[in-house]
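Quick one: structure below, then a few questions.
The values are calculated or read from the model by the stated rules, or taken from the named source; none is laboratory data. Given the structure is predicted, the values throughout are model-derived calculations rather than measurements. All Cβ positions, even for glycine, are placed from backbone atoms using ideal geometry, and neighbour counts span all protein chains on display.
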Amino acid sequence: MPASLHPVPTPSPDQVRKHLACWREGDSEKIDAALRVTFGAIPQNTDVGAAGVKVAALNSLYATGILGVLKVARHIVSLDIDAALAEPDVNPDLIEKIAIVDFGGNKRRNYSFATKYCSFHRPDLYPIYDSLVAGVLNELLKQGATFDNFAPGERWAADYAIWHRSINRFRTHYSLEEFSIREIDKYLWMLGKERKEGHARRPAFRTRRPRGRLTRACSEGTNWAPQSGWPAG
């Protein structure tokens, strides 16, 4: 590993708690809470207007890159997904059905959006796929972590079943069962965001405004480093 790349800290309950505290300190938790309220107030997906509100809110606050909010909302309503969302087990096919939308003969796969849409309905069951999170997990694998093994051709971005499997194995491997799937999402996303921003930040720059210990830790991070891709993603 090049000298400029610091290892990802070994996942632990303390690491998770640290990054969850950073999540709560910033605006991310406020945005997340607003979406939880929206999805909680409109749990069904049988009305285009109601589904459109959720699609628009998620697209706006999470920058999911959706083209044609109403088109996607109509697509979701046409799938009749409520029964599948209520099932006790994850349904990878549901992710693909929501993700693939036909725009006048051109199919677009909104994979990350679909995982977020399902996650805000069932945060206990559907981990969010995000490139920052995938980057952290891949760096851990490159460092020799053994939380999952992959058959040839298995890719997180191509098969939600593989992503779901890896997140759950990661959680068990590092004894993080006290944290929910959504909390694991937040921890890994914060870690990935910090590493990315830490690489871009100039070391000489420091604000002169006095800051508390938690604010300083959240803004400066620990062992931040650039991402170098994620072949399993």
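Just a yes or no: is a residue in region 152-160 within 20 Å of S180 (Cα to Cα) and surrounded by fewer than 21 Cβ atoms within 10 Å (Cβ to Cβ)?
Scanning region 152-160 turns up no residue that is within 20 Å of S180 (Cα to Cα) and surrounded by fewer than 21 Cβ atoms within 10 Å (Cβ to Cβ).
For region 53-70, give me each residue that is in contact (Cβ under 8 Å) with a residue 12 or more places away in the chain and either part of a helix (DSSP H, G or I) or under 22 Å from A83 (Cα atoms) (or both).
V53, K54, V55, A56, A57, L58, N59, L61, Y62, V69, L70
All but one of (1) closer than 20 Å to T46 by Cα; (2) in the same structural domain as M190 (by TED's automatic domain parsing); (3) not charged (D, E, K, R) hold for F113, so report the exception by its number.
(2)
For the condition out of contact with any helix residue (DSSP H, G or I) (no Cβ under 6 Å at 6 or more places or on another chain), part of a helix (DSSP H, G or I) and either modelled with pLDDT of 95 or more or not polar (S, T, N, Q) (or both), what is the one hit in S166, S219, S175?
S166
Still on this structure: Among the candidates A86, A21, single out the residue that is surrounded by fewer than 12 Cβ atoms within 10 Å (Cβ to Cβ) and modelled with pLDDT of 95 or more.
Matching residue, one of A86, A21: A86.
Here's the yes/no breakdown for (1) in contact with a strand residue (DSSP E or B) (Cβ under 8 Å, 6 or more places away or on another chain); (2) part of a helix (DSSP H, G or I); (3) without any contact (Cβ under 8 Å) to a residue 12 or more places away in the chain:
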position	(1), (2), (3)
A21	no, yes, no
R24	no, yes, yes
G40	no, yes, yes
A51	no, yes, no
V72	yes, yes, no
I76	no, yes, no
